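What follows is calculated from the coordinates using simple rules that are stated; it is not laboratory data. Everything quoted here is computed from the prediction, not taken from an experiment. Positions of Cβ are backbone-derived with ideal geometry, glycine not excepted, and every protein chain shown enters the neighbour counts.
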Amino acid sequence: RGGKAEREIPFAQPGSLTRVYCVASGKGGVGKSSVTVNLAAAMAADGLKVGVVDADIYGHSVPRMLGADGQPTQVEDMIMPPSAQGVKVISIGMFTPGNAPVVWRGPMLHRALQQFLADVYWGDLDVLLLDLPPGTGDIAISVAQLIPNAEILVVTTPQQAAAEVAERAGSIAVQTHQKIAGVIENMSGMPCPHCDEMVDVFGTGGGKQVAEGLTRTTGADVPVLGGIPIDLRLREGGDAGKPVVLSDPDSPAGAALRDVAGKL
Ligand code: ADP
């Protein structure tokens with residue numbers, strides 16, 4: 001926006017009514033993006049106005065999981081985000097040709113994020129979710145600088161090794177002075193298809209471990225918001241662009257995700 005002053009980020013203004021959540025994880029592949037799109041779709045189905053920023057630079061997968069195959073358009077000097085399942089979504093993948101990798105570094109990423117937040121026409125949102133890259137990178141720091149009141153949601157699996165990394169990712173909140181809204185344990189066991197008994201594929205206790213650790217490091221009470229079981233329908237819903245909270249809301253994962261969405 002050559003020469004013009006940067007537009008202000010509406011969510012960072014005093015009195016903004018939009019709740020902003022950064023969805024973070026330690027490792028990749030723990031279901032952070034799946035959780036993000038399902039929470040967004042569940043809240044939109046409840047009548048809230050919801051937006052998602054896919055800031056997972058290297059693993060952007062939100063548009064596909066939401067079934068958002070539209071492209072952003074430009075109206076005057078604003079970017080109109082496509083929407084799907086009632087959720088407005090913008091992704092770094094929409095601005096990179098084909099399946100090209102994003103090779104931007106810190107300052108460019110910060111600038112892109114600033115634009116996603118300020119130059120995208122979001123309208124009056126009740127909730128904005130940001131799907132962060134795994135780990136503790138530049139993006140998490142940028143978000144904290146751009147929207148200081150954004151809260152952090154930590155996604156982990158029950159596995160101890162994953163929980164340790166997730167706790168490290170969450171403890172960034174101490175430096176950025178952000179609030180941690182809670183911990184979501186994903187892949188919390190799988191109901192046996194033959195006898196319905198729960199099989200603890202990734203062990204147990206990771207969510208509780210992260211919440212207790214972050215309660216200690218931040219000095220504020222960090223709750224476990226829920227556990228999402230391993231559920232074939234969740235993976236299928238993501239692949240088909242129809243989040244399980246909509247395609248099969250009463251499935252074990254669908255119900256658990258709707259329950260968590262109701263707490264945010
Ligand atoms: P991340 O964003 O942490 O890298 P994804 O959300 O992309 O993780 O999930 C990784 C893979 O695991 C995806 O194929 C997704 O469909 C699958 N998955 C995630 N959570 C579950 C679950 N609870 N049950 C079944 N499959 C899941």
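Data table
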item	result
FRET efficiency estimate (nearest 0.05) - Cβ-Cβ, T204 to M78, R0 51 angstrom	0.60
Cα-based helix-to-principal-axis angle, 252-262 vs the chain, degrees rounded to 10	50
Trypsin sites (Lys or Arg not before Pro) restricted to DSSP loop in segment 1-79 with at most 16 other C-beta within 10 Å	R1, K4, R7
Residues with amide H under 5 Å from that of V52, placed H, sequence gap 5 or more	K88, V89, I90, L129
Folded to 0 to 90 degrees: helix 106-118 orientation relative to the chain principal axis, Cα	80
Net charge of neighbours whose Cβ lies under 13 Å from the Cβ of A84, counting Lys and Arg as +1 and Asp and Glu as -1	+1
Whole-Å distance, taken between Cα centres, linking segment 144-204 and segment 72-111	26
With Cα atoms, 0 to 90° folded angle of helix 206-218 axis to the chain main axis	50
Relative contact order of the chain, defined on C-alpha pairs under 8 angstrom at six or more residues apart (%)	24
Charge tally in the Cβ shell below 12 Å around A161, where Lys, Arg are +1 and Asp, Glu are -1, A161 excluded	0
